[in-house]
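Visitor: Pasting a structure below so you can have a look.
The values are calculated or read from the model by the stated rules, or taken from the named source; none is laboratory data. Everything numeric here is computed off the predicted structure, so don't read it as measured data. In this analysis, Cβ positions are derived from the backbone assuming ideal geometry, glycine residues included, and neighbour counts consider all displayed protein chains. For the accessible areas, the whole protein counts, side chains as well, though only heavy atoms, and no ligand, DNA or RNA atoms are used. Shrake-Rupley method; radii C 1.70, N 1.55, O 1.52, S 1.80 Å.
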Amino acid sequence: MKTTSRRQLLATAAGTVAVGAIAQATPAAAEAGPKPIFAVPATIIPIVGESDVFPVRRIYCIGRNYAAHAIERGSDPNREPPFFFQKPTDAIQNVATGVVADHSYPSLTKNYHHEVELVVALKSGGTNIPPEQALDHVYGYALGLDMTRRDLQNGMAAEKKPWEIGKSFDHAAVLGPIHPVAKVGHLAKGAISLAVNGVVRQNSDLDKMIWSVAEQIAKLSEAFELKAGDIIYSGTPENVGPVVKGDLLLCKLDGLPDMSIRIV
């Protein structure tokens, strides 16, 4: 019969204890990492026909992307290079289909404007994306409102200061649910309009955009690394204008359900 020395027994026992100690220490070590000191809610957008939701990483906006709107804002509409600005993700106000959502008139402004827009949601991204490959990165589309404190925007612009205060505030990024490309296709043309209290103010067509969705994505990717979760407000047609408390806004875009808010 094989015998085992006292030294071998002690070594085996020590090894067993060490392995057990490591196994017990591993979960504790894993839990010892840094923890957030408080929770920050994720920004999400509902997806039509899905229980899953779209997580938002960044909100990009394209300025003056319809010729007539460029003219009314005092700019050259002849395909000047597009310019971009951003809104914070928590500026999003989700509006369910078939619901008239209350939208609070914001502080500081006395000239609050509507801007109806097509919104593009990305499922992937990159840098220097060729226009012919840009639409491969689109997950879906939504109908949106880029709400603007126009007096604050104009005042800052006149002083040659950043005008985020006119664009980047609570609930400034209103939009309906996302419609996947697999269900609605790519939206390159179609009537887009906005009415206030039943009177049409903005009325145009997506094919009047100076820069197409593919070109917008390509141009943006020259300046930023685009990623899944980014959304793009693609610019508004002419005849933006003021709203006041009590006004009912109805937004329409061919191929998508209407979206409506009431200023409160």
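Visitor: Beta carbons within 10 angstrom, averaged per residue: use that to sort the peptides 93-101, 223-231, 134-142, 38-46, highest first. Could the numbers behind the result be given before it?
Guide: Values: 93-101: 15.3, 223-231: 18.1, 134-142: 21.1, 38-46: 12.0.
Descending packing order for the listed peptides: 134-142, 223-231, 93-101, 38-46.
Visitor: Another question about this same structure. Pull out a ≥ b ≥ c, the square roots of the eigenvalues of the alpha-carbon gyration tensor of segment 168-207, then state rounded if a/c is under 1.5, prolate if not and a/b is larger than b/c, and oblate in the remaining case.
Guide: Details: a/c = 2.28, a/b = 1.19, b/c = 1.92.
Note, shape of segment 168-207 comes out oblate.
Visitor: Might you tell me the accessible area per residue for segment 109-264, computed with a 1.4 Å probe and given in Å²? Please list the in-between numbers first.
Guide: On the way: 6280 Å² over 156 residues.
Each residue of segment 109-264 exposes 40 Å² on average to a 1.4 Å probe.
Visitor: Would you mind checking the pairs 35/183; 123/160; 183/227; 160/208; 161/252 and listing those with alpha carbons more than 31 angstrom apart?
Guide: Values: 35/183 40 Å; 123/160 36 Å; 183/227 22 Å; 160/208 29 Å; 161/252 34 Å.
Cα-Cα > 31 Å for 35/183; 123/160; 161/252; rest within.
Visitor: Another one. Of 159, 132, 115, 72, which has the most accessible area and how do the rest follow, probe 1.4 Å?
Guide: Numbers: 159 110, 132 145, 115 10, 72 80 Å².
Ranked list, largest accessible area first: 132, 159, 72, 115.
Visitor: Still on this structure, please answer the following. Based on the inverse mean of 1/r over its pairs of different Cα atoms, what is the Kirkwood hydrodynamic radius of segment 138-245, in Å? Present the calculation step by step, with values, prior to reporting the outcome.
Guide: Numbers: mean 1/r = 0.0628 Å⁻¹.
Final number for the Kirkwood radius of segment 138-245 is 15.9 Å.
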